[in-house]
Amino acid sequence: MATDIRGNFQNNRRREAHAVTCAVPFVLESADLREGKKQTELANGDYTVLTLPAGVIVTGANLIVEDDAVFDGAGSKLGFKIGGVEAVASTAVDAAGLTKGTAASFPLLITTEQDVVATAVVAGTGTTGTAKLVLEYVDYNRATMSYIGAE
């Protein structure tokens with residue numbers, strides 16, 4: 001008979017599943033007419049949108065564009081990497097839709113803090129739209145006070 005260690009080492013404590021949304025708006029900062037400052041708009045380049053904690057397993061990612069023409073111009077794209085690993089391939093963001101994360105990357109083990117970086121390619125003039133990245137992950141290091149099998 002197997003030795004019972006179900007109550008030891010936090011074996012029966014639940015782990016929480018989480019989802020977090022990262023927003024990438026075209027307008028990064030509004031204009032300030034009092035100070036004569038123009039609005040800051042998304043440009044070609046990399047943007048850190050989130051830092052994931054250590055001890056998580058990323059199970060999925062989805063890019064959501066809610067409005068048509070978030071960025072005008074057919075060449076506008078967004079891609080996302082987690083700690084240098086592609087999570088969502090560079091995807092057109094000029095039409096509404098949902099893009100599933102790059103399947104080969106998941107599940108993705110995060111043992112140290114990792115930045116989530118968006119890479120933008122902006123073509124044409126922008127709008128006020130926002131693209132969103134939804135990340136799903138399980139925090140395997142931290143457990144709740146809820147127990148499996150507890151009544």
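Some points to look at:
- When Gly124 is tested against the conditions (1) under 21 Å from Ala43 (Cα atoms); (2) surrounded by fewer than 17 Cβ atoms within 10 Å (Cβ to Cβ); (3) at pLDDT 90 or above, the lone failure is (3).
- Residue in region 129-147 that is β-branched (Val, Ile, Thr), modelled with pLDDT of 95 or more and out of contact with any Phe, Trp or Tyr (no Cβ under 6 Å at 6 or more places or on another chain) present: yes
- Taken over region 128-142, residues that are more than 24 Å from Lys77 (Cβ to Cβ) and either among the charged types (D, E, K, R) or touching a Pro at 6+ places or on another chain (Cβ under 6 Å) (or both) amount to 2.
- Of the residues making up region 30-41, one or more are in contact (Cβ under 8 Å) with a residue 12 or more places away in the chain, surrounded by 12 or more Cβ atoms within 10 Å (Cβ to Cβ), over 27 Å from Glu136 (Cβ atoms) and among the acidic types (Asp, Glu).
- Any hit, region 49-57, residues being under 19 Å from Gly129 (Cα atoms), of a type in the set (Gly, Ala, Ser) and surrounded by fewer than 13 Cβ atoms within 10 Å (Cβ to Cβ): no
- Only residues that are out of contact with any Cys (no Cβ under 8 Å at 6 or more places or on another chain), in contact (Cβ under 8 Å) with a residue 60 or more places away in the chain and surrounded by 18 or more Cβ atoms within 10 Å (Cβ to Cβ) were counted across region 93-116, and they come to 1.
- Filter result for Val88 (buried (at least 20 other Cβ atoms within 10 Å of the Cβ), in a strand (DSSP E or B) and either at pLDDT 85 or above or among the aromatic types (Phe, Trp, Tyr) (or both)): yes
- Gly73 meets each of the listed conditions (1) modelled with pLDDT under 85; (2) over 18 Å from Val122 (Cβ atoms) apart from (2).
The values are calculated or read from the model by the stated rules, or taken from the named source; none is laboratory data. Here the structure is a predicted model, which means the values were calculated and not measured. So basically every Cβ, Gly included, is an ideal-geometry build from the backbone, and we count neighbours across all protein chains shown.
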